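The structure appears below as structure tokens.
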Amino acid sequence: MLAAAIVSAALFAACGGGDSSGPTTTRGRNPHWSDKAPASARAAERRVGGFNSGERAAYKKGIRHILNAHQKVGAFTIAQVIDDAERREAARASAHAEAVRLAHERAALANGPRTVSAACAAFGAKLRGVSGVGEIVASYRCSGEDRSIFHVDATIRDEAWTAMTYDQRLSLAHSLWAGAVGAARLEQADSAHVRLVGEQGESLGGSSWLAGSMIDVNKD
């Protein structure tokens, strides 16, 4: 009987028996973890037998938040103060990470491939910035797929085309293609194509269907 009593006493002590200050918690701490939260982090730490560094910081932030929001600690427990602070910190960290991700995404879109409409507007701006280009290019039309393919059909004035040598025509085609590449900002420059047509719609040359950089023009 004596041996059985000793074993029972040992088991009782190991399980924290004899302490009637409150129920055990899922955090695995002593029952004081569920006690009412004092405004002092040091007092709370003494009550539960010590905080780790994260719990200490969370408790201080939690109490400060509660006092700012409610003016008094009230019915909060030590565990609730820490848990709520940790949740708020996780929410803030998540919101910050999402804001950073969106900022990077916006920056990538701002500096990355453009939509067809945006690329067309940029191409037109480049074209208007070239002195005398209106005497050569009568109009242009854009097509393609957003951020992947960009085509420009440029209508060349017959009088200007007739007056140009083959080398000048080839140089014009290359310049228009380079303008399309710069406007679209595609990952593959050869995905930008330019086609030159006359005022009657006849083909004058431009990019090969194989690659935008493979350019040739009519010699006559």
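What follows is calculated from the coordinates using simple rules that are stated; it is not laboratory data. Because the structure is a prediction, the values reported are computed rather than measured. Glycine also receives a Cβ, built like all others from the backbone with ideal geometry; neighbour counts cover every protein chain displayed.
When you count the other C-beta atoms within 10 angstrom of each residue and take the mean per peptide, 71-78, 182-189 line up highest first as 182-189, 71-78. For Lys72, a cut-off of 22 angstrom between C-alpha atoms picks up these lysines, skipping any fewer than 8 places away in its own chain: Lys36, Lys60, Lys61.
In order along the stretch 91-101, the phi-based Karplus estimate (6.51 cos²θ - 1.76 cosθ + 1.60, θ = phi - 60°) of 3J(HN,Hα) comes to 5, 5, 5, 5, 5, 5, 4, 5, 5, 5, 4 Hz; Gly and Pro are listed as x. Rounded to the nearest whole Hz, the Karplus-based 3J(HN,Hα) values (6.51 cos²θ - 1.76 cosθ + 1.60, θ = phi - 60°) of the stretch 175-188 follow the sequence 5, 5, 5, 4, x, 5, 4, x, 6, 7, 6, 6, 5, 10, with x at glycine and proline. How fast does the stretch 116-217 diffuse by Stokes-Einstein, in µm²/s, taking the Kirkwood radius from C-alpha pairs at 20 °C and 1.002 mPa s? Estimated via Stokes-Einstein, D reaches 161 µm²/s.
Extension gain for the segment Ala75 to Glu105, taken as residue separation times 0.36 nm less the Cα-Cα distance, is 6.4 nm to one decimal. Applying 1/(1 + (r/R0)^6) with R0 = 22 Å to the Cβ-Cβ distance of Ala121 and Ser143 gives a FRET efficiency near 0.95. For Thr115, nonlocal amide neighbours, meaning residues 5 or more places apart or on other chains whose placed amide H falls under 5 Å from its own, are Arg147.
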